[in-house]
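K.L.:
Would you mind keeping the following structure in view while I ask a few things?
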Amino acid sequence: MKRFFLFIVIMLTAAMTSRPQQICPNVSMLFNKQRQLYPQEKLFIHTDRTSYMPGERIWLCIYAVDATSLIPTDADMYAYAELLDTQGFTIKRIKIARHNGAYAGYLDTPKDLAEEQCFLRCYTLYSAGLHGYECLTPISIGSSPAPVTDIQTADAWEKSNPLHCTDTGQAFKIMLDNSAAKAVKLAVISRGCVCYDGQIKPGEPMVFPKKELPEGISQFIAIDSAGAVFGIKSVFSPYGKESVKATITAHAEFSDSIRLNICLPSQISAHMSVAITKGHDNKTPSIIPQILLSQDVRGGVADADRFFANGYNAAAVDSLLHRSVCDRYCVDSILAGQFTQPPVKHEVSQTISGKAIVTAPYPRDASFAKVSIISPNADMYAVATADKYGNFAISGLDYPDGTTFAVNASVGNQYEKTAVRIDETTYPPVDSASIAVQSGRRWAVFNDIASGRTIRLHNVDVAAARRDKHNGTFSGMADFSMTADQLAYIDATCIHEVLRRIPGIYMKGDTAYVRSKISVYGKSHAAIAIDGVILDGDYDLDIIQMQDVERIDVFKTGSAAIWGAKGGPGVISITLKNGASSLDGMTLNRVSRFKPLGYQKPEHVHSSENAKSMTLYWNGNVRLCNGNATITIPKSSLPRGSAFTVQAEGVSDDGILLHGIAHLEF
């Protein structure tokens with residue numbers, strides 16, 4: 001299907017009536033330059049369901065599209081999905097490699113996860129550079145209701161906004177206050193493109209038909225003669241050709257299989273993901289309202305589908321935009337010629353970087369050291385030469401999750417001992433309040449799962465041996481604690497990576513700081529304690545191997561006072577396992593082992609014959625050619641006499657958003 005968006009942008013001005021035809025190219029030129037310097041992305045995550053039991057698998061597919069054209073982008077080789085609690089703590093993270101044009105994979109929820117509200121967050125490292133526009137999907141674990149995201153409140157524009165908009169049903173009527181300055185421009189901007197740029201006269205209405213506006217959010221912006229913005233009005237146009245509803249039908253083809261047909265109203269090529277679940281109440285968020293509405297509102301929109309559930313609710317959307325902030329593109333900065341550059345480059349391969357140092361007899365940077373990494377299981381070997389400061393980077397790597405590497409450095413002098421510090425990947429932070437993970441959580445124990453989603457809990461007698469392993473007498477007063485089992489589960493490669501996941505702690509280089517902890521001498525980094533003893537001076541946490549750590553406790557509020565004056569800036573207390581290597585021995589090791597986060601091996605098709613499973617079929621990589629696709633499903637996966645929901649989401653090669661849902665019975 002031919003793309004209509006660029007055509008609308010070019011022809012919109014000539015098609016509008018009741019407005020000046022003189023067009024000033026400056027605004028268009030500025031926004032075009034901004035889009036060229038920083039082409040933005042929008043993401044959507046399609047899951048098989050929105051409610052899961054602890055230990056169940058979440059099947060998912062991530063779509064990344066250009067924020068302007070909605071055409072799928074393949075600039076990033078990898079996408080990430082994270083399971084978050086409501087305080088922003090990362091429960092689990094996976095990395096998915098692009099395969100056949102899709103980021104399809106799965107995330108296994110922990111078996112001992114508490115019944116609680118959670119979020120799924122998806123991003124590429126490139127898209128996460130734009131803060132405030134994350135792709136968050138609410139899900140529930142157990143019987144907890146799905147969480148609701150907060151929407152940012154608007155600033156003072158609405159109280160003193162000189163622009164007034166009237167929705168006539170088929171058009172938007174825009175009028176400027178008579179008190180406004182005479183020399184005023186009106187610009188209409190949608191997805192970073194300028195659709196109209198001309199003069200507006202106070203007191204004279206201008207009419208913009210909805211069908212001539214691109215589908216989604218458009219902003220009417222009043223600009224004075226000095227180039228300053230003094231009025232913004234955001235509207236939503238449901239009309240356009242950027243979205244299509246798919247038709248889904250099914251019939252028995254043979255005695256042992258069922259044929260599922262997905263048809264689009266036009267002959268286009270597209271990629272879609274398909275889920276078949278029990279019942280008629282398992283609808284998941286649709287790509288259309290998520291991309292066109294939620295992804296253009298700072299903070300997102302909780303349950304954006306509700307605005308389109310029973311037809312488009314114009315009044316509800318207008319109320320939403322009235323109290324929301326839509327600043328994906330910073331209009332004031334762009335008009336001033338201050339353009340934003342991408343803070344992060346596209347991730348086209350995996351990279352391992354770090355620093356080589358000499359530990360003995362005299363500590364120094366291992367200038368021009370030969371650094372080698374090897375992974376026998378992955379049949380991978382690479383060598384790099386460090387710079388004069390000992391820094392090195394090895395790019396072009398391709399390794400799946402679970403790959404373990406050994407790394408060492410050589411300086412050519414057998415009497416000098418070396419060590420290698422591996423840089424951990426810095427993941428986009430989640431803006432959240434501080435949280436103590438261990439306190440206030442209800443852990444669920446499931447003995448039997450009855451029919452449907454009913455859980456039967458039998459009487460359980462719990463007995464356990466008392467553990468005397470403490471971090472002195474202080475561990476019970478910690479604000480945040482992680483045991484060896486929890487550390488093993490998150491599969492962190494070093495202590496720095498663990499600390500980056502803790503709300504309230506931020507890293508500056510290799511140094512940890514506790515937020516709001518400032519001494520009389522200025523900012524002080526957190527103190528490091530090993531087995532209950534605070535170390536003097538700076539200490540390199542990279543020399544501690546993760547397999548030697550029993551627990552990590554963080555003291556970041558008033559409880560740090562129990563450590564004395566040295567605990568004032570906060571304390572990171574590390575308890576080592578019995579029999580762990582001595583600290584001196586660890587500093588002399590030439591070979592270090594680490595396990596970075598690798599990509600998930602492709603597994604996008606799932607067919608279940610488990611009668612208790614709510615997800616009966618999932619396919620995260622369905623290719624439509626000429627607007628049609630056929631899927632053959634084993635009849636054993638669909639119990640006879642049951643009701644099912646089939647939902648398909650996707651995007652065409654030329655940027656058409658696709659959605660289809662059907663309720664079937666066999």
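K.L.:
Answer yes or no as to whether THR247 is within 18 Å of VAL651 (Cα to Cα) and open to solvent by 10 Å² or more (accessible area, probe 1.4 Å). So that I can check it myself, show each step before the final result.
P.N.:
Numbers: within 18 Å of VAL651 (Cα to Cα): yes; open to solvent by 10 Å² or more (accessible area, probe 1.4 Å): yes.
Answer is yes for this residue.
K.L.:
Here are some conditions: (1) part of a strand (DSSP E or B); (2) out of contact with any His (no Cβ under 9 Å at 6 or more places or on another chain); (3) open to solvent by less than 30 Å² (accessible area, probe 1.4 Å). LEU60 meets all but one. Which one does it not meet?
P.N.:
With respect to (1) part of a strand (DSSP E or B); (2) out of contact with any His (no Cβ under 9 Å at 6 or more places or on another chain); (3) open to solvent by less than 30 Å² (accessible area, probe 1.4 Å), LEU60 is out only on (2).
K.L.:
Residue by residue through region 360-409, note down the ones that are of a type in the set (S, T, N, Q), in a strand (DSSP E or B) and without any contact (Cβ under 8 Å) to a residue 60 or more places away in the chain. Walk me through it before giving the result.
P.N.:
We begin by selecting, within region 360-409, every residue of a type in the set (S, T, N, Q); these are 367, 372, 375, 377, 385, 391, 395, 403-404, 408.
Checking which are in a strand (DSSP E or B) leaves us with 372, 375, 385, 391, 395, 408.
Selection gives SER372, SER375, THR385, ASN391, SER395.
For every residue, the table says whether it meets (1) crowded, with 19+ Cβ neighbours inside 10 Å; (2) closer than 30 Å to ASN161 by Cβ.
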site: PHE339; (1), (2): no, yes
site: PRO342; (1), (2): no, no
site: GLN350; (1), (2): yes, no
site: ARG364; (1), (2): no, no
site: ALA369; (1), (2): yes, no
site: PRO428; (1), (2): no, no
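K.L.:
Would you list the strands (runs of 3 or more DSSP E) that sit entirely within region 242-301 and hold 1 or more residues that are of a type outside the set (Asp, Glu), modelled with pLDDT under 90 and touching a Ser or Thr at 6+ places or on another chain (Cβ under 8 Å)? Step through it out loud before you land on a result.
P.N.:
On the way: elements: 243-245, 247-254, 257-263, 270-278.
Output list reads 243-245, 257-263, 270-278.
K.L.:
Are any residues in region 345-372 under 31 Å from the mean Cα position of the chain (by Cα) and farther than 16 Å from LEU597 by Cα, and if so, which ones?
P.N.:
Residues of region 345-372 that are under 31 Å from the mean Cα position of the chain (by Cα), as a first pass: 345-355.
Across region 345-372, the qualifying residues are LYS345, HIS346, LYS355.
K.L.:
Restricting the search to region 639-658, which residues are open to solvent by less than 10 Å² (accessible area, probe 1.4 Å) and not small (Gly, Ala, Ser)?
P.N.:
Residues of region 639-658 that are open to solvent by less than 10 Å² (accessible area, probe 1.4 Å), as a first pass: 644-652, 655-658.
Within region 639-658, PHE644, THR645, VAL646, GLN647, GLU649, VAL651, ILE656, LEU657, LEU658 qualify.
K.L.:
For ALA314, all conditions in the list (1) among the aliphatic types (A, V, I, L, M); (2) in contact with a Gly (Cβ under 9 Å, 6 or more places away or on another chain); (3) within 19 Å of ILE631 (Cβ to Cβ) hold save one; what is the number of the exception?
P.N.:
That leaves (3) as the condition not met.
K.L.:
Give me the residue from region 173-228 that is charged (D, E, K, R) and under 29 Å from ILE288 (Cα atoms) and, out of that set, most open to solvent (accessible area, probe 1.4 Å). Let's see the steps before the verdict.
P.N.:
Initially, region 173-228 is screened for residues charged (D, E, K, R), giving 173, 177, 182, 185, 191, 197, 201, 204, 210-212, 215, 224.
Now restrict to residues that are under 29 Å from ILE288 (Cα atoms): 173, 191, 197, 210-212, 215.
On the way: LYS173: 84, ARG191: 15, ASP197: 3, LYS210: 8, LYS211: 151, GLU212: 42, GLU215: 12 Å².
The extreme case among them is LYS211.
K.L.:
List the residue pairs whose Cβ atoms are under 8 Å apart, where the first residue sits in region 621-639 and is over 29 Å from GLY655 (Cβ atoms), the second is aromatic (Phe, Trp, Tyr) and open to solvent by less than 30 Å² (accessible area, probe 1.4 Å), and the two are 6 or more positions apart or on different chains.
P.N.:
Every condition considered, the pairs that remain are ILE633/TYR617; SER637/TYR617; LEU638/TYR617; LEU638/PHE644.
K.L.:
Inspect region 190-209 for any residue being modelled with pLDDT under 85 and either over 30 Å from the mean Cα position of the chain (by Cα) or of a type in the set (Phe, Trp, Tyr) (or both) and give the result as yes or no.
P.N.:
We begin by selecting, within region 190-209, every residue modelled with pLDDT under 85; these are none.
No.
K.L.:
Give me the pairs: first residue in region 40-58 and under 15 Å from ASP108 (Cα atoms), second residue of a type in the set (Ser, Thr, Tyr) and surrounded by fewer than 19 Cβ atoms within 10 Å (Cβ to Cβ), beta-carbon distance under 6 Å, and six or more apart or on different chains, which are they?
P.N.:
SER51/SER140
K.L.:
Could you list all residues from region 371-393 that are open to solvent by 80 Å² or more (accessible area, probe 1.4 Å) and not charged (D, E, K, R)?
P.N.:
Just the residues of region 371-393 that are open to solvent by 80 Å² or more (accessible area, probe 1.4 Å), to begin with: 376-377, 379, 381, 383, 388-389.
The answer is PRO376, ASN377, TYR381, VAL383, TYR389.
K.L.:
Do we have any residue at all in region 64-79 that's open to solvent by 10 Å² or more (accessible area, probe 1.4 Å), over 30 Å from ILE189 (Cα atoms), in contact (Cβ under 8 Å) with a residue 40 or more places away in the chain and in a loop (DSSP other than H, G, I, E, B)?
P.N.:
Yes, region 64-79 contains at least one residue that is open to solvent by 10 Å² or more (accessible area, probe 1.4 Å), over 30 Å from ILE189 (Cα atoms), in contact (Cβ under 8 Å) with a residue 40 or more places away in the chain and in a loop (DSSP other than H, G, I, E, B).
K.L.:
Do we find that LYS111 is under 23 Å from VAL344 (Cβ atoms) and not acidic (Asp, Glu) in this structure? Quick ask: steps written out before the conclusion?
P.N.:
Working: under 23 Å from VAL344 (Cβ atoms): no; not acidic (Asp, Glu): yes.
Answer is no for this residue.
K.L.:
Within region 290-308, work out how many residues are crowded, with 23+ Cβ neighbours inside 10 Å and of a type in the set (Asp, Glu).
P.N.:
Selection size over region 290-308: 1.
K.L.:
Is it the case that some residue within region 596-611 is more than 25 Å from the chain's Cα centre (by Cα), surrounded by 17 or more Cβ atoms within 10 Å (Cβ to Cβ) and over 19 Å from GLY105 (Cα atoms)?
P.N.:
Checked region 596-611: no residue is more than 25 Å from the chain's Cα centre (by Cα), surrounded by 17 or more Cβ atoms within 10 Å (Cβ to Cβ) and over 19 Å from GLY105 (Cα atoms).
K.L.:
Here's a follow-up. Applying the selection to region 309-324, what residues are surrounded by fewer than 18 Cβ atoms within 10 Å (Cβ to Cβ) and within 25 Å of the chain's Cα centre (by Cα)?
P.N.:
Hit for region 309-324 is ARG323, nothing else.
The values are calculated or read from the model by the stated rules, or taken from the named source; none is laboratory data. Being a predicted model, the structure only gives us computed values, none of them experimental. Every residue, glycine as well, gets a Cβ built from its backbone with ideal geometry; the counts of neighbours run over all protein chains shown. Please note that ligands, DNA and RNA were not included when accessible areas were found on the heavy atoms of the full protein model with its side chains. Shrake-Rupley method; radii C 1.70, N 1.55, O 1.52, S 1.80 Å.
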